[in-house]
Amino acid sequence: TGDARSARLRTPPAMASLLATLPLAACHDGRPVDAAARLAGKVVVIYFSASWCGPCRRFTPALRLWYDMLKAAGEPLEIVFVSRDRTPEDTAKYAKEHMGPWLMLPHGHPASDELGRMLGVRGIPSATVVDAMMQPQYSLDVG
């Protein structure tokens, strides 16, 4: 219901501390980045996706275009890709070839399941917008 969804989006007080401590990497080369520094004061989209998922492969280019337009306009925005791929190699290839200059959580990291639970992810693709205070504001399950 709408009330349950609204309550779910307001409840995770641990979101900010979790996001700040994630071992994030750059999608294009897998190099580690400082999550706290990169995410501070920005709107963050947490994007659950996988290379084997047809709807994901159709949605990702639209998300990338949206990201590029907002970044070009100077918006403080980051996207964190959370893979649901089967192998680290599939994740790395998908991230490098299809994601923008985004961040990603390492394949299979335990926080990916915790984030999914906190955000109520039921399927993929799924994107959740988290505001600059690291509180979820809007979820889009497009699968």
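Below, the figures for the structure above:
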read-out	value
From Glu78, Glu89, Glu114, residue being among the acidic types (Asp, Glu), free of Cβ contacts under 8 Å to residues at least 60 places away in the same chain and open to solvent by 50 Å² or more (accessible area, probe 1.4 Å)	Glu89
Hits in region 98-128 - residues which are among the polar types (S, T, N, Q) and in a helix (DSSP H, G or I)	Ser112
Subset of region 121-133 (residues that are under 13 Å from the mean Cα position of the chain (by Cα) and either of a type in the set (Ser, Thr, Tyr) or farther than 16 Å from Ser49 by Cβ (or both))	Ser126, Thr128, Val130, Asp131
Condition met for Ala95 (within 14 Å of the chain's Cα centre (by Cα), touching a residue at least 12 places away in the same chain (Cβ under 8 Å) and within 22 Å of Ala37 (Cα to Cα))	yes
Some residue of region 30-48 being at pLDDT 90 or above, under 15 Å from the mean Cα position of the chain (by Cα) and open to solvent by 50 Å² or more (accessible area, probe 1.4 Å)	no
Failed condition for Leu65, given (1) in contact with a Leu (Cβ under 8 Å, 6 or more places away or on another chain); (2) loosely packed, with under 12 Cβ neighbours inside 10 Å	(1)
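The values are calculated or read from the model by the stated rules, or taken from the named source; none is laboratory data. The structure displayed is predicted, hence computed values, not measured ones. Neighbour counts are summed over all protein chains in view; Cβ atoms, including those assigned to glycine, are modelled from backbone coordinates with ideal geometry. Just the protein is used for accessible areas: all its heavy atoms, side chains included, with ligands, DNA and RNA removed. Shrake-Rupley method; radii C 1.70, N 1.55, O 1.52, S 1.80 Å.
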